[in-house]
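Q: Okay, handing you the structure first.
The values are calculated or read from the model by the stated rules, or taken from the named source; none is laboratory data. These figures come from a predicted structure and were not determined experimentally. Cβ atoms come from the backbone with ideal geometry, glycine included; neighbour counts cover every protein chain shown. These area figures cover heavy atoms from the full protein model, side chains too; ligands, DNA and RNA do not enter into them. Shrake-Rupley method; radii C 1.70, N 1.55, O 1.52, S 1.80 Å.
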Amino acid sequence: MPQLRSPANALSAALRCAPVWFLIAMASSATARYALPVLVLVSLWAAWRGELDLASDLDGIEWGVMVFAATWIVSCAFGLDPTRSFLLSIPMLAALTSLFVLRRQRDAVHSLAAFDVALFLLGFWQCLQLTGPLLSGLAGEAAVRQSDAMWLVEPNDLGWIAATWPPLLALATGRRRSLLAVPIVAGLILMILLGSRLALIVSVLALAPMLTRSPPRALALGLVLTIALVAAALAIDPAILAKGSASLASRMQLWQTAWQVFFDWPWLGTGPNGFELAYTRYLPEAVAFDPRDTPWPHSLPLEIAAVTGLAGIFASGLLVFAAYFHYRAEPMPDPGHRRVVLVQCAVFAVLGLFEASFLRLWVWMLAASILCRLMRHAPTRSDISSTKGGSL
């Protein structure tokens, strides 16, 4: 494994990583418009300086990504509204560029670590952006809409930050790890205040396996965390469980509708982000549990089926198979790294089953983070501690 260098050199390597600059630009709506151009320009600059490995053959994951991207483009072209599908595909373009740059970066240790830190800090910043609306008396979706948090549309979206905790908990040691308690606790408090049951569930999944190595202790810790978070949520909003039942009923309607959309457009689907154009003919406002306009089915697998059809199911399955094969075939740097991969996948899977959508940029960035972690030169805590004075 490559050794970490001095803090100054580590910071210099991080600032040359284009995906980090993309995340920095996404911190505010005023700078978000420049995020993609900055990502492309810094990536080209890195390639010109020879910091990207452009000579190596594509591995299985990269081939899987290419097949998925090609399927996405074809589905856009033959969808219900090709122009709309292509215009709403910018998150995919940003994610694929970030994925390529991170996986091809020669200084992979610092680049992926910097990306993890940037994601973590962006999540913490979005928590801070929510505090103003909450203190002003707003709650739920009203507070989210009032904030300037770019990646949040509804309270459940806050759950994405839980996926950023495992890599930092694995990297940090001693006093540094205790500093992570502040943003993590802040995130948990906001999840409770916003009444997001899904975010609290994935938080338990993210924290319990990372705070203890023993599976029985992880289960016990998970149970304790669950009881504590449920008690706190009930104390703030006694009706939270009833709201959860209504939310599940609404989701089941959307899931059934997504299947109907898939059966009517089975080969290439309605086109990416085309679910909204078709679902109201099956679920009119008069019979919907939740009459609000909902442009996604609240389930990533069903969205793949509805908007990209059998072609998208095949491409997604191929990518998942390639990632699994790579995970099984390539040696992990250490057990801690393997645990981070499994925990992040578990969090992403739960979010994907009940909330995630291709409309959300956090979905693409978390997927890129997980796929980038499936490479030999991934940063681990042992890399940090083995180098005197090493720092993120």
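Q: Can you pull the percent of region 191-300's accessible area that's carbon plus sulfur, 1.4 Å probe, other chains left in place?
A: 70 percent
Q: In Å², what does the accessible area per residue of region 108-171 work out to with a 1.4 Å probe?
A: 29 Å²
Q: Consider all pairwise Cα distances in region 90-130 and report the whole-number % of them above 14 Å.
A: 59 percent
Q: Using only the alpha carbons of region 7-106, determine the length spanned along each of the three principal axes and report them from longest to shortest in whole angstroms.
A: Computed over region 7-106, the largest-to-smallest principal extents equal 51, 39, 19 Å.
Q: Order the following by accessible area, largest value first: ARG33, ARG339. Probe radius 1.4 Å; ligands, DNA and RNA are ignored.
A: These residues rank, largest area first, as ARG33, ARG339.
Q: Using DSSP to define loop residues, name the trypsin sites (Lys or Arg not before Pro) in region 187-267 whose beta-carbon has at most 16 other beta-carbon atoms within 10 Å.
A: Sites meeting the loop and neighbour criteria: ARG213.
Q: Based on the Kirkwood radius over alpha-carbon pairs, what is the Stokes-Einstein translational diffusion coefficient of region 96-243 at 10 °C with 1.306 mPa s viscosity, in µm²/s?
A: D = 97 µm²/s.
Q: Next up: Tell me the accessible surface of MET210 in square angstrom (1.4 angstrom probe, heavy atoms of protein chains only), to the nearest ten.
A: Looks like 0 Å² after rounding.
Q: Let me ask another. Let me know the shape class of region 58-131, please: from the alpha-carbon gyration tensor, a ≥ b ≥ c as square roots of the eigenvalues, rounded when a/c is under 1.5, otherwise prolate if a/b is greater than b/c, or oblate.
A: Oblate is the answer for region 58-131, as a/c is 1.5 or above yet b/c matches or exceeds a/b.
Q: May I pose another question? Assuming a ≥ b ≥ c are the square roots of the Cα gyration tensor eigenvalues, decide whether the chain counts as rounded (a/c under 1.5), prolate (otherwise, with a/b larger than b/c) or oblate.
A: Note, shape of the chain comes out oblate.
Q: Please identify the DSSP H helices in the chain that span no less than 27 Å along the helix axis (Cα) and have a mean Kyte-Doolittle hydropathy of 0.5 or more.
A: Result, helices passing both filters: 108-135, 215-236, 300-329, 335-354.
Q: Counting only protein heavy atoms and a 1.4 Å probe, tell me what percentage of region 1-146's accessible area is made up of carbon and sulfur.
A: Within region 1-146, the accessible surface is 69 percent carbon and sulfur.
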